[in-house]
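Computed from the coordinates by the stated procedures, all read-outs in this text should not be read as laboratory data. On a predicted model such as this, the values are computed, not experimentally measured, just so you know. FYI the Cβ positions are ideal-geometry reconstructions off the backbone, even for glycines, and counts take in every protein chain you see.
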Amino acid sequence: MNWLHRKICGSARWARKVERDMLPWALDGVDLGDRVLEIGPGYGATLRPLAARAPKLTAVELDPTLAARLSAEHGDRVRVVQGDGADLPLDGARFDAVVCFTMLHHVPTPARQDALFAEALRVLRPGGTFAGADGVDRWPFRLLHLGDTYQPVPPETLPARLRAAGFVDVTTSVVEGRVQRFRARRP
């Protein structure tokens with residue numbers, strides 16, 4: 001991430017916005033169950049509010065420095081694993097829900113994004129839910145990501161890509177052309 005993006009994502013203001021606005025909207029009507037996996041928590045703005053909703057929360061973070069920081073910060077409340085969301089170092093069929101927020105656009109290629117979708121399906125128990133939200137490609141979003149890995153998921157392709165990974169009951173929505181949310185279920 002570039003300097004500005006790190007500053008925003010690591011800020012208390014962003015964490016409040018995530019907790020107050022983004023997370024409730026993204027998870028409205030989603031039953032997380034007891035065992036939840038978050039892929040790509042980054043600076044961790046979602047971890048505290050997710051930990052309040054899920055008795056057993058695991059997070060997989062690619063960046064080793066962030067993973068160590070999150071582990072130290074959240075202690076026993078969240079199990080933090082350093083790893084790649086497109087190649088999860090976790091057993092299959094163990095989570096009631098898998099979630100990811102504002103991170104899919106940081107996965108460098110559509111093929112790696114599709115691998116992440118397949119891994120989310122693999123670690124979900126039958127009937128489990130994959131849900132989350134991500135930005136939609138537009139010029140302010142692009143400017144924020146100058147010098148970053150930036151591969152936004154086109155909203156018009158997301159449902160078919162989730163179905164191709166094996167998900168059913170796929171729903172997506174876009175708000176004001178800025179942000180999209182998705183939900184899908186493992187059969």
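Here are the numbers:
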| read-out | value |
| --- | --- |
| Helix-only mean residue ellipticity at 222 nm for the chain, each DSSP H run of n ≥ 4 adding -39500 (n - 2.57), per residue, nearest 500 | -9000 deg cm²/dmol |
| Choice from Glu176, Glu61, Glu38 with maximal GNM fluctuation in the chain (Cα, 10 Å cutoff) | Glu176 |
| Candidates Leu146, Leu50, Leu37: whichever shows maximal mean-square fluctuation once the chain is modelled as a Gaussian network with Cα springs under 10 Å | Leu146 |
| Residue among Ala12, Leu88, Gly177 farthest towards the positive dipole end of the chain, charges placed on Cβ | Ala12 |
| Highest-MSF residue in the chain out of Ala133, Ala160, Ala67 [GNM, Cα springs under 10 Å] | Ala160 |
| Bridge type composition, the stretch 33-107 - antiparallel percent by DSSP, nearest 5 | 5 |
| More than 24 Å apart - percent of Cα-Cα pairs taken over the chain | 31 |
| Rounded to 5, percent antiparallel among DSSP beta bridges of the chain | 40 |
| Loop-resident sites, the stretch 38-114, for trypsin sites (Lys or Arg not before Pro), counting at most 16 other Cβ within 10 Å (DSSP) | Arg94 |
| Assigned charges on the beta-carbon of Lys, Arg, Asp, Glu; the chain dipole about Cα centre (debye) | 320 |
